[in-house]
Amino acid sequence: MPLSPGDSPGFLLWHATLRWQREIASALAPLGLTHVQFVLLACAWWLNSQGEHPNQLALARQAGTDVKMTSQVLRALEQKGLVEREVDPNDTRAKRLRVTAAGAELAPRAIAAVEEADARFFLPVPVDEAVTLLRRLARPGD
C-alpha cells in the first residue's frame, strides 16, 4: 500500500523545497537576481576571494550546476556587469571568471538576503540538525 502524501518523505521534501525556493526568489527579487544567478555569482565571488579565478567548468562543479546552463547564466551576469569572462591564457577554449566591482558589491548583500531567508525558513529546526540532515541527503556516498 503506498504511503499517503502526508507520510511520504519525498512528497514532503518536494513541498518544502518549493516553499524554500519561493522565499529565496522573493529575497533576491529586489536585488535583480534569480536564484541560479545568485548561486553562480556567490560561488564566483567566494572563489575569487580565495585567490582563484575559476573557469566555467570549475564554477559549475562548485555550484553543482549543469555546465551548459552555467554558461548561459554567466552570459546574463556578464550582461548585467557583474562578472567578466576572460580567455584562459593556458587553454584558449576555457574562460576564466572574475567578479566585477559591481558584482563584488552585490554578492555579499545577496548572500545576506539569502541567509536571512534561510534563517526564517529553517527557524522550526535547530540549525545543526538541519545541516547534518541536509549534508547526508546531499552527499549520501561521502
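The values are calculated or read from the model by the stated rules, or taken from the named source; none is laboratory data. The shown structure was predicted, so the numbers you read here are calculated from the model rather than taken from an experiment. Here the Cβ positions follow ideal geometry from the backbone for every residue, glycine too, while neighbour counts run over all protein chains shown. All accessible areas refer to the heavy atoms of the entire protein, side chains included, with ligands and DNA or RNA removed. Shrake-Rupley method; radii C 1.70, N 1.55, O 1.52, S 1.80 Å.
Across the range 14-29, the qualifying residues are those that are of a type outside the set (G, A, S) and in contact (Cβ under 8 Å) with a residue 60 or more places away in the chain, and the one among them that is most open to solvent (accessible area, probe 1.4 Å) is R19.
Summed over the range 78-99, residues that are open to solvent by less than 40 Å² (accessible area, probe 1.4 Å) and touching a residue at least 40 places away in the same chain (Cβ under 8 Å) total 4.
When the range 100-113 is limited to residues that are touching a residue at least 24 places away in the same chain (Cβ under 8 Å) and under 18 Å from A76 (Cβ atoms), the one that is most open to solvent (accessible area, probe 1.4 Å) turns out to be A104. The residue that is nearest to F38 (Cα to Cα), counting only those in the range 114-136 that are under 17 Å from the mean Cα position of the chain (by Cα) and loosely packed, with under 15 Cβ neighbours inside 10 Å, is E115.
Here A102 fulfils each of the conditions (1) modelled with pLDDT under 95; (2) over 30 Å from L137 (Cβ atoms) apart from (1). Among the residues of the range 58-77, those identified as open to solvent by 70 Å² or more (accessible area, probe 1.4 Å) and not in a loop (DSSP other than H, G, I, E, B) are R61, Q62, K68, Q72, R75.
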